[in-house]
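S.K.: Submitted below is the structure of interest, expressed as structure tokens.
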Amino acid sequence: QVQLVESGGGLVQAGGSLSLSCAASGRFSRIDDMGWYRQAPGKQRELVASITRGARTNYGESVKGRSTISRDNIKNVVYLKMNSLSSEDTAVYYCNAGADKRFYWGQGTQVTVSS
């Protein structure tokens, strides 16, 4: 069983940046892929970015070029930094991780971009 705890987020001004982190804990052999998804009101959950254990990354089209995902395999933490925020980035951001052939989700953290 894996517990994912997100931190960061909150209210951010348009044009600013945000930094999120997510720490995995619990009983598992190892954490495989980790990532961030987001869900805005009335919209489907979408990929923001993902990263393999070997640090291969993948970004959603809407954040490509202004986001960076990274991870610490020793601490089992994944980070997300996003720049040039707009109201379109307002959403609940969820951490996701795979371990022992199962996928886990965090509780989510609200990010609100104010103009």
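Bear in mind these aren't lab numbers, they're just calculated from the coordinates by the rules spelled out. Only a predicted model underlies this, so the values are computations on that prediction, with no experimental measurement involved. So basically every Cβ, Gly included, is an ideal-geometry build from the backbone, and we count neighbours across all protein chains shown.
S.K.: Filter segment 46-61 down to the residues that are surrounded by 15 or more Cβ atoms within 10 Å (Cβ to Cβ) and part of a loop (DSSP other than H, G, I, E, B) and list them by number.
M.R.: GLY60
S.K.: Further, regarding this structure: Which residues, counting only those in segment 81-109, are more than 11 Å from the chain's Cα centre (by Cα), assigned to a strand (DSSP E or B) and of a type in the set (Ser, Thr, Tyr)?
M.R.: Selection gives TYR104 alone.
S.K.: Find the residue count for segment 13-58, including only residues that are more than 14 Å from VAL92 (Cβ to Cβ) and in contact with a helix residue (DSSP H, G or I) (Cβ under 9 Å, 6 or more places away or on another chain).
M.R.: Here the count works out to 1.
S.K.: Looking for whichever is in a loop (DSSP other than H, G, I, E, B), exposed (fewer than 12 other Cβ atoms within 10 Å of the Cβ), of a type in the set (Lys, Arg) and within 15 Å of the chain's Cα centre (by Cα) here; the options are LYS75, LYS64. Which one fits?
M.R.: The unique qualifying residue is LYS64.
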